[in-house]
Amino acid sequence: MREQLLALLEEIRPDVEFEKEKKLIDESILDSFDIISIVQEMNDTFDVEIDVDDLEPDNFNTVDAMIELIEKLQAEG
């Protein structure tokens, strides 16, 4: 899953070192257009439905947080 997510993220923002960044949202590394693209790709790639309630900075600040969100949504089915 991590490799798939990193590939998806790097396709959207090849200039960002996602494994090193810990505050992707808090430090405005990703903007709202990036988040829209990421959410859309995550929904398609991982067969989840990220809704408005999930669009919190904590869910997108790190790769690990995004993986946790995906796993949580997949478990909820």
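Summary of values
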| read-out | value |
| --- | --- |
| From the options Ile29, Ile67, residue that is hydrophobic (A, V, I, L, M, F, W, C), surrounded by 12 or more Cβ atoms within 10 Å (Cβ to Cβ) and touching a helix residue (DSSP H, G or I) at 6+ places or on another chain (Cβ under 9 Å) | Ile67 |
| Count - residues of the range 22-77 that are among the hydroxyl-bearing types (Ser, Thr, Tyr) and farther than 20 Å from Met1 by Cβ | 2 |
| The range 2-37, residues that are among the aliphatic types (A, V, I, L, M), assigned to a loop (DSSP other than H, G, I, E, B) and under 12 Å from the mean Cα position of the chain (by Cα) | Leu24, Ile25, Leu30 |
| Selection from the range 37-57 of residues that are surrounded by fewer than 18 Cβ atoms within 10 Å (Cβ to Cβ) and touching a residue at least 12 places away in the same chain (Cβ under 8 Å) | Ser37, Glu41, Thr45, Asp47, Glu49, Asp54, Leu55, Pro57 |
| Residue ID - surrounded by the fewest Cβ atoms within 10 Å (Cβ to Cβ), chosen from residues in the range 1-26 that are acidic (Asp, Glu) and more than 23 Å from Lys72 (Cα to Cα) | Asp15 |
| Residues within the range 45-63 that are outside any loop (DSSP other than H, G, I, E, B), within 12 Å of the chain's Cα centre (by Cα) and over 15 Å from Asp26 (Cα atoms), tallied | 3 |
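Readers should treat all values here as calculations from the given coordinates under stated rules, not as data from a laboratory. Keep in mind it's a predicted model, so treat the numbers as computed, not measured. Every residue, glycine among them, receives a Cβ derived from its backbone with ideal geometry; neighbour counts consider all protein chains shown.
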